[in-house]
1. Find the Rg to Rh ratio for the stretch 90-161, where Rh is the Kirkwood radius over alpha-carbon pairs and Rg uses the same atoms.
2. Give me Leu149, Leu61 ranked fewest to most by other Cβ atoms within 10 Å of their Cβ, as a rough exposure proxy.
3. For Lys26, Lys140, Lys129, what's the fewest-to-most ordering of other Cβ within 10 Å of each Cβ?
4. Normalised by the number of residues in the chain, what is the relative contact order in percent for Cα pairs under 8 Å and 6+ residues apart?
5. So which residue, out of Asn51, Asn32, Asn22, gets the largest mean-square fluctuation from a GNM of the chain using Cα contacts under 10 Å as springs?
6. Using the Cα centre as the reference, give the magnitude of the dipole from point charges on the C-beta atoms of the chain (Lys, Arg: +1; Asp, Glu: -1; all else neutral), rounded to the nearest 20 debye.
7. Tell me the Kirkwood radius of the chain: reciprocal of the mean inverse pair distance over distinct alpha-carbon atoms, in Å.
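Nothing in this text is a laboratory measurement; each read-out follows from the coordinates by a stated rule. Computed from a predicted model, the values in this text were never measured in an experiment. All Cβ positions, glycine included, derive from the backbone under ideal geometry; neighbour counts span all protein chains shown.
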Amino acid sequence: MSNNIYQFSAKTLQGKEISMDNYKGKVVIVVNTASKCGFTPQYADLNTLYNKYKEYGLVILGFPCNQFGNQEPGGAKEISEGCLLNYGVSFQMFDKVDVNGSSAHPLFKHIKKELPGILGGRIVWNFTKFIFDRQGKPVKRYAPITSPLKMENQIRKLLGL
């Protein structure tokens, strides 16, 4: 099995299956999100980064998750409306997934294996961020408390800016 993310796919909030292969040649940030979390305001900073660098090849993929403190209880419609209305999110949001346990989405199982973090591969909370290079290879894991704006130097480097 390759250590890039292109072998996986996921459903958008609108129910469309998208292959990660669509993001070949892009710098990708994968983040597990929640709309009722203390870190939810990070949506705004993620969106700022996306709007600033999307023309250079940055893609952000948001995956809502309800495994941490029941902080994403709604369905696709509520998540979509909340992201758009409250935070102006313009990057790609996917359907709600599990990121830990036996029901974890295969993409997150892969990501945790490649970038395990300090707790043996578990994702500890919402807004854990993972960055991948233009070949889909894992580069770095960022903790939920890390502001997305602190990722900017790494993003610029991977984009060749």
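1. 0.96
2. Going from sparsest to densest Cβ surroundings: Leu149, Leu61.
3. Starting with the residue having the fewest Cβ neighbours, the order is Lys140, Lys26, Lys129.
4. 31
5. Maximum fluctuation in the GNM of the chain, among the listed residues, is at Asn22.
6. Rounded to the nearest 20 debye, it is 460 debye.
7. One over the average 1/r among Cα pairs gives 15.5 Å for the chain.
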